[in-house]
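Here's the structure, in structure tokens; my notes come after.
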Amino acid sequence: MNYEFKSEMASDMNGLIEIKVATHHCESTYLDRAKSFDSFCAEHYPDADLVTRSIVLEWIKDALDSHTRNVAYTRVAFIRALAEYQKAIGKDPFIPPSGMLNGKTIFVPYIFTDDELEKFFHEADCNKSGTVFEQMKFCTYFRLTYTCGLRPQESRTLKRINVDLNSGEIRIVNSKWNRSRTVIMSDEMLTLARKYATKRDIKFPESEYFFPTNSGGLHTAAHMAYRFKKFYAASRPDIPKELLPAVRVYDLRHRFATAVLNKWLDEKIDINARLPYLQAYMGHKNISSTAYYIHLLPENLTKSAGVDWKHLNAMIPEVEPWEG
């Protein structure tokens, strides 16, 4: 191999390729991907000598934005191999979970900033399209999804019989993996839910759904996604629509989880001891799926002494990272 890499990870990429060639892999396959990654790092992360979460997500996002899904798949495979090599020689990289290669799509979660959330909910509150009831319905739906960390389909298909407006308890019945759980609304969320429910009961007294359509039926996921993206775009008028990040309603749930973990770190709470509680609240099948959210925290927080990486990294290889 005569190619000279330019980034700070040059020696590791050379080492990886040497091992792959020695084990009868095709040099050109790894070299082409290494060249692309090297150029990316040299331009965007010139001082990085280790695979990090930010690098992984940005490189994959670049593929999804500028290339094809197949390119994104090959990038995940290469950067995972490089990270595993770095791990093998005693370094501490971020290793993309194997689950990023599962399914037909690659999903890179978008974590809203405080400012983005504030502007989004302001736009939802000030929305004047549709009836007064519709205006209140959508701002309540998105707030409930966020503040309770629900999967979008859980709030969308929620039935009024499963919402206790006295205690603030919400019963999620037979959700993913046929698991049921109870979540509790905050006092502010409960107050808003009660106000909304009063209007809903007047307009749709017979509907079984907590968030009914104009005919009293069930909203489609596509319609809720459309509303969500419309509010988000309106909240960012300074950015052309074609340049906005690809956000999903599900990102509210991701933001909820990272906000909880962030709060625990601020309060110097042992995250390892608390993860089972967050797992139960969010309805995850495996605690490793909950632990994965720690990788989505800002990198200055992942370096906190409150994160026991030795313990958590033992979980990550088995994680289903996009279980949600």
Notebook entry, point to check: residue 159's amide H: which non-local residues (gap 5+, or another chain) put their own amide H closer than 5 Å, with H modeled 1.01 Å from N in plane and none for Pro or chain starts?
Noted result: 210
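Once the other residues with Cβ under 9 Å from the Cβ of residue 145 are scored (Lys, Arg +1; Asp, Glu -1), what is the net sum? Could the numbers behind the result be given before it?
On the way: positive: 143, 151, 156, 253; negative: 154.
Net of charged neighbours comes to +3.
Going by a ≥ b ≥ c, the root eigenvalues of the Cα gyration tensor, does region 14-70 fall in the rounded group (a/c under 1.5), the prolate group (a/b larger than b/c) or the oblate group? Before the final figure, lay out each step's value.
Values: a/c = 2.37, a/b = 1.44, b/c = 1.65.
Oblate.
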Checklist line | Segment residue 48-residue 74, extension gain: residue separation times 0.36 nm, minus the distance between their alpha carbons | finding: 7.2 nm
Check: Which angle from 0 to 90°, rounded to the nearest 10, does the C-alpha axis of helix 271-282 make with the longest principal axis of the chain?
Finding: 50 degrees
Notebook entry, point to check: How many nm separate the modelled label positions at residue 23 and residue 203, each set 7 Å beyond the Cα in the direction of the Cβ?
Noted result: 5.9 nm
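State, as an integer percentage, the relative contact order of the chain based on alpha-carbon contacts under 8 Å between residues 6 or more apart.
On the way: 365 pairs, mean separation 51.5, N = 324.
Answer for the chain is 16 percent.
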Item checked: Segments 51-61, 25-35 sorted - mean Cβ within 10 Å per residue, highest first -> 51-61, 25-35
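So what is the calculated 222 nm ellipticity per residue for the chain, using -39500 (n - 2.57) for each DSSP H run with n of 4 or more, over all residues, to the nearest 500 deg cm²/dmol? Please report the intermediate quantities before stating the final value.
Values: 14 runs with 174 residues, N = 324.
Helix contribution divided over all residues of the chain: -17000 deg cm²/dmol.
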Next item on the list: Return, for the Cα atoms of the chain, the radius of gyration and Dmax in Å, separated by a comma.
Entry: 22.4, 75
Checklist line | Of 255, 236, 171, the one that fluctuates the most in a GNM where the chain has Cα springs shorter than 10 Å | finding: 236
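For region 165-207, what does the alpha-carbon gyration tensor say about shape, rounded, prolate or oblate, given a ≥ b ≥ c as the root eigenvalues, a/c under 1.5 as rounded, and a/b over b/c as prolate? Walk me through the numbers on the way to the answer.
Working: a/c = 3.43, a/b = 1.46, b/c = 2.35.
Note, shape of region 165-207 comes out oblate.
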Item checked: Under the Karplus curve 6.51 cos²θ - 1.76 cosθ + 1.60, θ = phi - 60°, whole-Hz ³J(HN,Hα) for region 31-47, x wherever Gly or Pro sits -> 5, 4, 5, 5, 4, 4, 5, 4, 4, 4, 5, 4, 7, 9, 9, x, 9
Check: Under a 5 Å amide H to amide H cut-off, with H placed in plane at 1.01 Å, what residues pair with residue 219 once short-range neighbours are removed?
Finding: 213
Margin query: If I model a spin label at residue 65 and residue 175 as a point 7 Å from the Cα along the Cα→Cβ vector, what separation in nanometres do I get?
Written below: 3.1 nm
Check: Between residue 8 and residue 233, what length comes free when the chain is fully extended (0.36 nm per residue of separation minus the Cα-Cα distance, one decimal in nm)?
Finding: 77.2 nm
Notebook entry, point to check: Beyond 24 Å, what share of the Cα-Cα pairs of region 114-241 remains, rounded to the nearest whole percent?
Noted result: 26 percent
Notebook entry, point to check: Roughly what would the spin-label model give for residue 263 and residue 226, points 7 Å off Cα along C-beta, in nm?
Noted result: 3.4 nm
Check: Expressed in nm to one decimal, what extension gain is obtained for the pair residue 122 and residue 194 from 0.36 nm per residue of sequence separation less their Cα-Cα distance?
Finding: 23.9 nm
Next item on the list: List 192, 252 from most exposed to least, where exposure is judged by having the fewest other Cβ atoms within 10 Å.
Entry: 192, 252
Item checked: Residues of type aspartates and glutamates that residue 230 reaches as a straight line, Cα spacing below 16 Å, ignoring anything fewer than 8 places off in the same chain -> 116, 118, 123, 125, 134, 238, 242, 251
Check: Nearest 10 degrees, 0 to 90: what angle lies between the long axis of helix 221-235 and the longest principal axis of the chain (Cα atoms)?
Finding: 80 degrees
Note to self: Per residue of region 113-118, what does 6.51 cos²θ - 1.76 cosθ + 1.60 with θ = phi - 60° give for ³J(HN,Hα)? Whole Hz please, x for Gly and Pro, Karplus curve as stated.
What the structure shows: 7, 4, 5, 5, 5, 4
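Bear in mind that the values in this text are calculations on the coordinates, not laboratory data. Here the structure is a predicted model, which means the values were calculated and not measured. Because the Cβ atoms are built from the backbone with ideal geometry, glycine has one as well, and the counts that use them run over all protein chains shown.
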